[in-house]
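Novice: Got a structure for you, questions after.
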There are 6 protein chains.
Amino acid sequence: MSNSPPEPPPLLAFGAHPDDIEFGCGGVIARETRAGRRTHFVICSRGEAGSHGTPARRVREARKAAAVLGATVEFIKLDGDGRLEIQAAHAVKLAGVLRRVRPGIILAPSLVENQHPDHWRLGKLVRDAARLARYGGLKELRGKKPHAIGQLFYYAVTPEAEPRDLTPVWIDVSAPEIVAAWTAAMAAHATQTSARNYIELQLTRARLLGMRAGISHAIALFPGDPLVLDSLAQVGRGARRF
Amino acid sequence: MSNSPPEPPPLLAFGAHPDDIEFGCGGVIARETRAGRRTHFVICSRGEAGSHGTPARRVREARKAAAVLGATVEFIKLDGDGRLEIQAAHAVKLAGVLRRVRPGIILAPSLVENQHPDHWRLGKLVRDAARLARYGGLKELRGKKPHAIGQLFYYAVTPEAEPRDLTPVWIDVSAPEIVAAWTAAMAAHATQTSARNYIELQLTRARLLGMRAGISHAIALFPGDPLVLDSLAQVGRGARRF
Amino acid sequence: MSNSPPEPPPLLAFGAHPDDIEFGCGGVIARETRAGRRTHFVICSRGEAGSHGTPARRVREARKAAAVLGATVEFIKLDGDGRLEIQAAHAVKLAGVLRRVRPGIILAPSLVENQHPDHWRLGKLVRDAARLARYGGLKELRGKKPHAIGQLFYYAVTPEAEPRDLTPVWIDVSAPEIVAAWTAAMAAHATQTSARNYIELQLTRARLLGMRAGISHAIALFPGDPLVLDSLAQVGRGARRF
Amino acid sequence: MSNSPPEPPPLLAFGAHPDDIEFGCGGVIARETRAGRRTHFVICSRGEAGSHGTPARRVREARKAAAVLGATVEFIKLDGDGRLEIQAAHAVKLAGVLRRVRPGIILAPSLVENQHPDHWRLGKLVRDAARLARYGGLKELRGKKPHAIGQLFYYAVTPEAEPRDLTPVWIDVSAPEIVAAWTAAMAAHATQTSARNYIELQLTRARLLGMRAGISHAIALFPGDPLVLDSLAQVGRGARRF
Amino acid sequence: MSNSPPEPPPLLAFGAHPDDIEFGCGGVIARETRAGRRTHFVICSRGEAGSHGTPARRVREARKAAAVLGATVEFIKLDGDGRLEIQAAHAVKLAGVLRRVRPGIILAPSLVENQHPDHWRLGKLVRDAARLARYGGLKELRGKKPHAIGQLFYYAVTPEAEPRDLTPVWIDVSAPEIVAAWTAAMAAHATQTSARNYIELQLTRARLLGMRAGISHAIALFPGDPLVLDSLAQVGRGARRF
Amino acid sequence: MSNSPPEPPPLLAFGAHPDDIEFGCGGVIARETRAGRRTHFVICSRGEAGSHGTPARRVREARKAAAVLGATVEFIKLDGDGRLEIQAAHAVKLAGVLRRVRPGIILAPSLVENQHPDHWRLGKLVRDAARLARYGGLKELRGKKPHAIGQLFYYAVTPEAEPRDLTPVWIDVSAPEIVAAWTAAMAAHATQTSARNYIELQLTRARLLGMRAGISHAIALFPGDPLVLDSLAQVGRGARRF
């Protein structure tokens, strides 16, 4: 037991609303937690501008969904649902979270602007925060040791949010228990799924990628910076079956 | 020994001229062969249109360079140096090579057209060949079992050839013995390196990426299709240090 | 009856293989023929390089599928399946077809090169043919009156073939009888659909667009040139529901 | 008369300055109002930072120009000319306007950033407002029924503002009375046209597109989301004459 | 007189048809010849596929236009009007021209494919020829000393041919005598200008750029490679007046 | 002496931190000042969020570096290091600087967002300021005569910041005294260069461009708007040697 491999650094996922992580990349979360990686969610509003569900209920739904996926969750306050702004103070605050959680990989909503205005703004704040977390001199962060993440991946909450200028990686989420956990996590957001077919939308997206890759389901993530690899052995599968 | 892991499928690299593979991605080759992967080179001209070196001498240089890198090498005839054309028969011929070698990963010159006219044409032929190798009915290929590669990566022989619309992966080639083998393989092309500073060019490119990634040297490869990954554990390092 | 509206000019669709039109945009065809537009298919190989089905059988399947969709069909010979090349003589030949059929709208495979090598080559030949059809002096076309099409739209046989640099139009194919006719036309290609899940792939693509637009199913087409409109009344619906 | 067709939902155009709509797409406005569509302008400053004309005079010019085009007009206060900022409160305010006017189509300045800084910022605010107008829970908007627009088109006040990544639609504004109304509306902004050749600039742009399409004059609009069409009959004309 | 400055290397312009250079960039030619630079045209067909004018007449028109502009002209045979193909032998032939004329700057049609099929093919052949002209070993070119050009600029015969991914340089052609010479050179192609408003098209394009730059007329050229400058003093004017 | 040429308008460079100008384009500065152009630096923070060096020390380093390069320098206060925001008041403030200094060419950090968050924000503010400086009516700027710059060039502090959608110009900084001055200016920022290999990074970048252009060292600048040229004689060298 003394020579068990060191635990990998945790995965940290950011969502603008209580359901963004689950809908946008819940299958990836299920895949990683089942592989033993600690995962934490940071949710930046309580969904108070949505058409359905009270903030209190939405928080409960998010906690339930995180539990289904095996993640811990916290809520932080920025500007509120539907009114997130790009402010330096927000990026500093998120950098503080990064220094506390000290993740290896972080997930954030994509930067494509033609989507819910909170999504891409949060993505930009997280991207900036990942830099600020490395700089030594920000006075609000004094006492928190600087931290450099390993990689930032963007997820797309909806298809329009998929970046056209970044080559994605596709994560295989085909295992039935992964699909089931993901589906259950989405279903936990009952206030949202009763009104619109979000679950079908996401499973259809994942199925389409899966068919293209010759597997069952896949989710696309978009790397914020080039991947640095030790060897091609890591990336020998490509998506091209038709 | 009965349960030793299966040998991975070989790596197959295509070059339009005797020195393209070494200059464009020789460090990656060195990295892979040293990790135990069988590697084979297919060179599609004898460099007969170059300003320096006879075809016979250039073939000898290529054989020497491949040996330095631990790869096997063969020469095939298409249209000759400086006159490669996009012809269906060429793609079929290359597909035949793919069915014979049955690689997991293939490397080919990038498709950016503003470079030596043979480079991108070969890249396009290889890309098409990777599809034809999968189709059952091509009559020239009867008797050769169809083969589906795992992934196609493009390399850039020169900086102008780096695609702007594909997010690269960077392969860490920092180990001193890798840099040494790569340098020796480039130096084996003595007819070319006496006239121009190709070795310095390539080492400078690799050093620049290395500094950006916080390592010594790296080489960028450009995936032809999205990478399909089992887990984020495979790709947890990103390139951002400044 | 003398003042019935003039019949619109026909729709002309080009396919590289016997099933490309049906899989790529069969729902659009069904929509247009049911609205009374004459539609004609020009198929440029007999699928002789495919893994499944003899040429004779594939021609029969194509005829059946065209009949299901209400289109007429002809086969023309270019270079054969898997070996189509960009040759001026091909473009002139296709221009001759355009002068004979005199369509208003033409459909051709998209120009994205990372797909079956025949697809994009045919798309480029059709694009060039649409210009040559307008020029008066090509000697092979003497005696055939020049013809200017109204618009060229590209279709994507597979998702990888969707252009990223053209804003699509989405055609609503939600009516159950349209989906049924399209499905039947795809199923007519029994040699292809027994081996791979092409029908599911296409219906999944169409369903995903449909959900995004708040309808049942849609198919994306990519205009070759800007659309010229008399009024905004023509284009008052956009795709954004999430 | 009871079965007269329902009036189409109104057109709503946003301008950052008193003359932006007229210069950027006045011909389209003339075309739509003459076809019977109600049109309303929302102008977000009084041009107080311009080199020529007092705010009061510029408001008078804008009212006169709107009258020439057959549109109604209102002025709203955001941050003032030359100092517009992206603020969530502004988007909410514009969403309130959308809920009140309940347009089918909206027009806003393009998002290309290399132009007057107020132009693209207003475009982004309008884009975000179109989403917020659909969401039920924003407390400032309580009591105003949510509204979903049909489509958002961007106009380019100057040529550098034309997006390169969106395929435009070109609106035919060739009718002499349309060109005349447009010209008169531009001329109504006498404080601006005395100093610079704005009218010639715009008519030259429209004439250039017109020649390309084989008509007299055209104006390009850029769809914010893919157009959803019932049939190809709607879009059978393309722009390619040379 | 012994210390008069050395004559600059000549300008070499390639056209696919007898009128392409004049329509696409005739004003630039006029500007350069009037500044004392020797200029030579290479025309690669006799316009035999056009709707108007016999080949003999079109050659006469081209000779007259070149004379008006102060350029010499030659005709070379490739595949003929409307049927140009990308062939290695063509690039080698054009490389031979480059070695003979030994230009500093070359002009060729842009590479955008959505235009006359001969235009972009010639552009690609010229681009490749500029590389082959530098390589020592091509046997057809033995005896012709290798030559490296200074820069390749692309011109756009029509607006659709303007590249969207290259930042242009705009050449000021505002001097009345330049506009007059350009117009006369275009008018020399009487068989073409009687049928279509090509002259108006080109002058409108140039006027539109001129207004944007605060001058009378300008023509955009697109550099094939980054410009290498000795100092910013060379490029201190930018195009932004609105 | 009465007919000495008029002094060119000054060069004005903006930096977000005390060392950005030197690291990003110090060689260009050295080239211009040695050619006799007055150059002024405006630095918008004191580097107070960096990991190394006190603000006071960093200001001293910046003054020393500017002196080495032959430039004058001033510091202005915006939001502070690591917290710069896009605010209209900042753009107005920078526009005031432009009216005071009245430069011909300005240099600002590139707009690519995947870099230090202060860099691109400053670039955007400078771009906007260049417009506001031309407008007559901004009340904070009353009494300062409007000023139109000649051209805005962006520099990239790090390689990730190089725009992919703008064609650069490369400035030849090969002269040994230029490289020496640039190196000395970078070395003046001793607090930064002791911790990281910034100097090697920048010289490697410049050497790589130099090799590509067949010279010693070059620095890429990215024009904010098309260059307007009097003649091709200004731009007859291109970068293509391999």
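Laboratory data are not the source of any read-out in this text; all were calculated from the coordinates shown. The structure presented is a predicted model; accordingly, all values stated were derived computationally and were not measured. A quick note on method: Cβ atoms are made from the backbone with ideal geometry, for glycine too, and the neighbour counts reach across all protein chains shown.
Novice: Using a label position 7 Å from Cα in the Cα→Cβ direction, what is the ascending list of nm distances from C:ARG196 to the same site in the other copies?
Specialist: Relative to the other copies, C:ARG196 has label-point distances of 3.3, 4.0, 4.0, 4.6, 5.4 nm.
Novice: In Å, what Kirkwood hydrodynamic radius results for the range E:32-83 from the alpha-carbon pair distances?
Specialist: The answer is 11.9 Å.
Novice: Oh, and also: Give the dimensionless ratio obtained when the Cα radius of gyration of the protein assembly as shown is divided by 2.2 N^0.38 Å.
Specialist: Ratio of Rg to 2.2 N^0.38 Å for the protein assembly as shown: 0.89.
Novice: Further question on the same structure: Anything over 32 Å Cα to Cα? Flag those among A:LYS93/F:LYS144; A:LYS124/F:LYS93; C:LYS124/E:LYS77; B:LYS124/E:LYS64, in the order listed.
Specialist: Flagged as over cut-off: A:LYS93/F:LYS144; B:LYS124/E:LYS64.
Novice: While we're looking at this one, here's another question. Treat the count of other C-beta atoms within 10 Å as a stand-in for reagent exposure and order B:ARG99, F:ARG196 from fewest to most.
Specialist: F:ARG196, B:ARG99
Novice: Another question, if that's okay. How much of the DSSP bridge set in the protein assembly as shown is antiparallel, in percent, rounded to the nearest 5?
Specialist: 25
Novice: Where the only charges are on Cβ atoms (+1 Lys, Arg; -1 Asp, Glu), what is the dipole of chain E about its Cα centre, to the nearest 20 debye?
Specialist: So the magnitude is around 560 debye.
Novice: Let me ask something additional. Mind telling me which of F:HIS217, F:HIS189, F:HIS52 comes out most flexible in a GNM of chain F, alpha-carbon contacts under 10 Å?
Specialist: F:HIS52
Novice: Note down the magnitude of the dipole of the range D:145-213 about its Cα centre, charges +1 on Lys and Arg C-beta and -1 on Asp and Glu C-beta and zero elsewhere, to the nearest 20 debye.
Specialist: So the dipole magnitude of the range D:145-213 works out to roughly 60 debye.
Novice: Less than 9 Å Cβ to Cβ from F:PRO8, Lys/Arg counted +1 and Asp/Glu -1: what total charge do the surrounding residues give?
Specialist: +1
Novice: Continuing with this model, one more query. Among all the aspartates and glutamates, which ones have a C-alpha under 12 Å from D:LYS139's C-alpha, if same-chain residues fewer than 8 places away are not counted?
Specialist: Within the straight-line cut-off, D:LYS139 pairs with A:GLU48, A:ASP81.
Novice: Mind telling me which of A:THR33, A:THR167, A:THR191 comes out most flexible in a GNM of chain A, alpha-carbon contacts under 10 Å?
Specialist: Residue with maximal mean-square fluctuation among A:THR33, A:THR167, A:THR191: A:THR167.
Novice: Picking from E:PRO226, E:PRO168, E:PRO109, which is most flexible by a Gaussian network model of chain E using Cα springs under 10 Å?
Specialist: Maximum among the listed residues: E:PRO226.
Novice: Which of D:VAL97, C:VAL169, D:VAL126 comes first, and how do the rest follow, when ranked by fewest Cβ neighbours within 10 Å?
Specialist: Result, fewest neighbours first: D:VAL97, C:VAL169, D:VAL126.
Novice: Spelling out what I want: for every residue of the range A:133-138, take phi, set θ = phi - 60°, compute 6.51 cos²θ - 1.76 cosθ + 1.60 (Karplus), and round to whole Hz; glycine and proline get x.
Specialist: 4, 8, 8, x, x, 5
Novice: Ordered by residue, what ³J(HN,Hα) values in Hz, to whole numbers, does the range D:28-40 give under the Karplus form 6.51 cos²θ - 1.76 cosθ + 1.60, where θ = phi - 60° and Gly and Pro are x?
Specialist: 5, 4, 4, 4, 6, 5, 5, 7, x, 8, 5, 9, 10
Novice: So how many Å³ per residue does the convex hull of the Cα atoms of the range B:84-130 work out to?
Specialist: Roughly 61 Å³ of hull volume per residue.
Novice: Okay, next question. Rounded, prolate or oblate: which fits the range C:1-101, taking a ≥ b ≥ c as square roots of the Cα gyration tensor eigenvalues, rounded meaning a/c under 1.5, else prolate when a/b beats b/c?
Specialist: oblate
Novice: Something else now. With both partners inside chain D, how many of the DSSP beta bridges are antiparallel, as a percent to the nearest 5?
Specialist: Antiparallel bridges: around 25 percent, rounded to the nearest 5.
Novice: Using square roots of five times the C-alpha gyration tensor eigenvalues, list the equivalent-ellipsoid semi-axes of the range A:111-200 in whole Å, biggest first.
Specialist: The three semi-axes for the range A:111-200 are 31, 17, 16 Å.
Novice: Report the full-extension gain for the segment C:ALA184 to C:ARG196: residue separation times 0.36 nm, less the Cα-Cα distance, to one decimal in nm.
Specialist: 2.7 nm
Novice: Output needed for chain C: three equivalent-ellipsoid semi-axes, defined as square roots of 5 times the C-alpha gyration tensor eigenvalues, in descending order, whole Å.
Specialist: Working through the eigenvalues yields semi-axes of 25, 24, 18 Å.
Novice: Let me ask another. Using every pair of alpha-carbon atoms in the range F:40-162, split the distances into 10 Å bins beginning at 0 and state the percent of pairs per bin, rounded to integers.
Specialist: All Cα pairs, binned at 10 Å, distribute as 13, 41, 38, 9, 0 percent.
Novice: Under the rule a/c < 1.5 gives rounded, and otherwise a/b versus b/c splits prolate from oblate, where does the range B:154-242 land using the Cα gyration tensor?
Specialist: prolate
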